[in-house]
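Okay, structure first, notes after.
The values are calculated or read from the model by the stated rules, or taken from the named source; none is laboratory data. This structure is a prediction, so every number in the text was calculated from the model and none was measured. Backbone-built Cβ (ideal geometry, glycine too); neighbour counts: all protein chains shown. These accessible areas exclude ligands, DNA and RNA; they are computed on the full protein's heavy atoms, side chains included. Shrake-Rupley method; radii C 1.70, N 1.55, O 1.52, S 1.80 Å.
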Amino acid sequence: MSPSQGTAKGRTVTLHMVSSLDGFIARHDNTVSWMDTPGSVYEPGVTISQEQIATFLKSIDCYVLGSRTYEHALELGWPYGDTPVVVVTTRKWPQAKNSVEFYSGDLKTLVDEKLAARYRNIWLAGGATLSQRFLELGLVDEIKLTIAPVLLGAGLRLFGDSLQEKKWSLQNVVAYKNGFVELSYAALAA
Ligand SMILES: NC(=O)c1ccc[n+]([C@@H]2O[C@H](COP(=O)([O-])OP(=O)(O)OC[C@H]3O[C@@H](n4cnc5c(N)ncnc54)[C@H](OP(=O)(O)O)[C@@H]3O)[C@@H](O)[C@H]2O)c1
């Protein structure tokens, strides 16, 4: 099922993260240079053009971020274009971007009422804290995990101890020439 089709619930929440081989999504100092590790070439892998990336990004209806990911995105350079972004936070923030709105409250209400009414293809783009809350609440329909060919040794773990055992169904695997591998999983019915 492609994300734009939505689920029977009418929307699809996709958790997307880039992880190191040892399961970290950020260094403790927040630097992200490890994501552009040059040098490794996997010859049978595929490459995708900027046009393909742009077409794919257009299919995303909205992003959901934790406030620490939001802060980091503002510092690093905004990667979400004009696509609507919902930042989950308990704090008051200045309106730095027109495409951003802030949400505080129950996450199931956010997804099932606020977002599902407006969007079909919803991307949960981090960070670890918010992703774990979504997983605990069963709000994630798909996981897209891109594994970078690097061991970091330390940092922020994507998955914590709070999660319960749950099986997922592998939907797709794409290996890229730069050594990154994208794994796509769909949630199995409970
Ligand atoms: N490798 C990747 O693909 C990737 C992707 C995204 C982010 N990152 C990195 O991950 C790091 C940030 O991740 P993180 O885990 O530290 O933080 P995060 O999940 O981005 O944000 C956590 C914050 O979100 C708010 N929040 C979370 N759950 C909430 C809830 N149920 N209700 C209300 N507010 C809630 C709280 O903000 P308030 O304190 O404001 O209330 C909380 O402090 C950054 O370094 C970022 O660059 C990496």
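Observations on the structure shown:
- Hits in the range 130-162 - residues which are among the polar types (S, T, N, Q) and surrounded by 14 or more Cβ atoms within 10 Å (Cβ to Cβ): Ser131, Gln132, Thr146
- Checked against the criteria, Val181 does not count as open to solvent by less than 50 Å² (accessible area, probe 1.4 Å), within 10 Å of the ligand (Cβ to nearest atom) and touching a residue at least 24 places away in the same chain (Cβ under 8 Å).
- Restricting attention to the range 76-106 and to residues that are of a type in the set (Phe, Trp, Tyr) and under 18 Å from Trp123 (Cα atoms), the residue that is surrounded by the most Cβ atoms within 10 Å (Cβ to Cβ) turns out to be Tyr80.
Here's the yes/no breakdown for (1) touching a Phe, Trp or Tyr at 6+ places or on another chain (Cβ under 7 Å); (2) modelled with pLDDT of 85 or more; (3) more than 13 Å from the ligand (Cβ to nearest atom); (4) part of a loop (DSSP other than H, G, I, E, B):
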position	(1), (2), (3), (4)
Val18	no, yes, no, no
Met35	no, yes, no, no
Pro38	no, no, yes, yes
Ile48	no, yes, yes, yes
Glu51	no, yes, yes, no
Phe56	no, yes, yes, no
